[in-house]
Amino acid sequence: MTGSSVEASSQRPLYVERVNAVIDHIEKHLDEEMTLDELAGVAHFSPFHFHRVFGVLVGETLSRFINRLRLERAATLLVQQPSRSVTEVAGDCGLHNPSSFARSFRDLFGMTATEWRETGFHRRQPAESVRDLLGNVGVIGEDYGIAESGWDPETRSMKWDIRCADLPRTTVQVVEVPSLEVAYVRRTGRYQGLGEFFADIFSRLMTWAGPRELVNDDSWVLAVYHDNPSITDDEKLRVSACIDVPAATSAAGEIGRMRLPGGQCAVARFELGETDYSKAWFALAGGWLPDSGYEPDDRLPFERFPIGVSTTSPDKEIVDIYLPVRPLRAY
């Protein structure tokens with residue numbers, strides 16, 4: 001009996017690996033129809049067993065998980081793209097039945113999609129963890145916002161100096177980021193202000209990457225965020241600790257593999273303590289973005305931790321925040 005228990009325990013990372021592969025697939029195809037047979041095939045399980053395994057490891061049924069991701073994406077796009085109709089936004093998120101979408105949206109957010117877009121998003125209380133970290137975020141244009149902007153002849157692009165409340169001012173530039181093949185360790189749950197959360201997943205990642213000589217001064221060591229903490233409940237927030245790897249690198253168990261698409265990103269460098277991250281993100285997405293001429297893109301945002309860059313304090317670290325953007329469009 002004891003031998004059987006040990007063997008079963010050793011198989012759990014393989015289940016995590018397969019379920020993570022399915023979640024990556026779902027995120028890439030949210031606007032498409034996905035069948036149980038298709039997703040079970042990605043996981044290499046029978047449909048019957050996959051449905052049960054997914055529920056145990058993720059804490060939600062497969063259909064509820066997909067529907068929640070679609071609704072949360074729709075909630076974000078409704079605010080980011082105010083000129084588009086609710087029906088268009090829902091369709092882009094794979095929610096093609098208007099009555100079903102209306103009912104599901106109200107069930108999740110407690111209001112209609114139109115109410116959410118008009119005033120509800122601003123009335124909604126963010127997760128407790130976000131409120132704790134942001135506190136009184138100040139006033140856009142006074143504590144946050146663009147202080148100066150101009151053309152940088154060296155990079156032949158615009159640059160902006162931005163206010164960051166009680167953090168030092170920093171510079172934002174829009175750069176072209178290459179697509180990245182990364183290995184990752186992923187966790188779900190509240191992470192804001194919890195240094196031990198990130199220490200654990202990055203320790204697990206580096207324990208795998210170090211012996212394989214995958215870490216060097218040019219490595220892209222990233223924290224990739226899959227959900228909007230102002231919309232998604234704390235216990236469902238997902239983050240992946242990542243490092244870029246050669247395309248032929250194999251991964252198994254809790255180490256997953258995914259590709260981050262390239263494209264334009266707004267980038268700003270900060271020196272941050274454990275509780276400063278939300279303010280830095282707010283400075284970029286709330287202070288800079290509305291007056292920048294850009295809008296958010298659908299790619300995943302992330303933080304990069306440059307290797308070998310010194311800080312002014314042992315309690316802080318240098319962090320480059322990457323916000324995927326595209327030129328502002330009229331709809």
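The values are calculated or read from the model by the stated rules, or taken from the named source; none is laboratory data. Quantities reported herein were computed from a predicted structural model and do not represent experimental measurements. Because the Cβ atoms are built from the backbone with ideal geometry, glycine has one as well, and the counts that use them run over all protein chains shown.
Need the failing condition index for VAL175 against (1) part of a strand (DSSP E or B); (2) among the aliphatic types (A, V, I, L, M); (3) closer than 26 Å to GLU235 by Cα, just the number.
VAL175 satisfies all of (1) part of a strand (DSSP E or B); (2) among the aliphatic types (A, V, I, L, M); (3) closer than 26 Å to GLU235 by Cα except (3).
Is there a residue being in contact with a Phe, Trp or Tyr (Cβ under 6 Å, 6 or more places away or on another chain) and of a type outside the set (A, V, I, L, M) anywhere in region 271-285? First the steps, then the outcome.
If we filter region 271-285 for residues that are in contact with a Phe, Trp or Tyr (Cβ under 6 Å, 6 or more places away or on another chain), which is where we start, we get 280, 283.
This time we only want the ones that are of a type outside the set (A, V, I, L, M), so: none.
No, region 271-285 has no match at all.
Restricting to strands (runs of 3 or more DSSP E) lying wholly in region 243-331: which have 2 or more residues that are at pLDDT below 90?
So the answer is 294-296.
Can you name the number of the only condition in (1) of a type in the set (A, V, I, L, M); (2) over 17 Å from VAL79 (Cα atoms); (3) surrounded by 21 or more Cβ atoms within 10 Å (Cβ to Cβ) that VAL325 fails?
Evaluating VAL325 over (1) of a type in the set (A, V, I, L, M); (2) over 17 Å from VAL79 (Cα atoms); (3) surrounded by 21 or more Cβ atoms within 10 Å (Cβ to Cβ) leaves (2) as the failure.
Condition first: more than 21 Å from TYR225 (Cα to Cα) and in contact (Cβ under 8 Å) with a residue 60 or more places away in the chain. Can you find one or more residues in region 7-14 that meet it?
There is at least one residue in region 7-14 that is more than 21 Å from TYR225 (Cα to Cα) and in contact (Cβ under 8 Å) with a residue 60 or more places away in the chain.
All but one of (1) modelled with pLDDT of 90 or more; (2) in a helix (DSSP H, G or I); (3) not hydroxyl-bearing (Ser, Thr, Tyr) hold for HIS96; which doesn't?
Answer for HIS96: the failing condition is (2).
Filter region 143-193 down to the residues that are under 22 Å from ILE318 (Cα atoms) and acidic (Asp, Glu) and list them by number.
Of everything in region 143-193, those that are under 22 Å from ILE318 (Cα atoms) and acidic (Asp, Glu) turn out to be ASP143, ASP161, ASP166, GLU176.
Residues checked against (1) at pLDDT 95 or above; (2) surrounded by 12 or more Cβ atoms within 10 Å (Cβ to Cβ); (3) among the acidic types (Asp, Glu):
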residue	(1), (2), (3)
GLN125	no, no, no
GLY138	no, yes, no
VAL174	yes, yes, no
PRO178	yes, no, no
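With the requirement that a residue be more than 25 Å from GLU235 (Cα to Cα) and in contact (Cβ under 8 Å) with a residue 12 or more places away in the chain, what does region 62-86 give you?
Filtering region 62-86 for residues more than 25 Å from GLU235 (Cα to Cα) gives 81-86.
Scanning region 62-86 gives GLN81, PRO82, SER83, ARG84, VAL86.
This table checks each residue for (1) part of a strand (DSSP E or B); (2) within 18 Å of the chain's Cα centre (by Cα); (3) of a type in the set (Val, Ile, Thr); (4) outside the structural domain of GLN264 (by TED's automatic domain parsing).
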residue	(1), (2), (3), (4)
ALA147	yes, no, no, yes
GLU154	no, no, no, yes
LYS159	yes, no, no, yes
ILE162	yes, no, yes, yes
PRO168	yes, no, no, yes
ALA183	yes, yes, no, no
ARG186	yes, yes, no, no
ARG190	no, yes, no, no
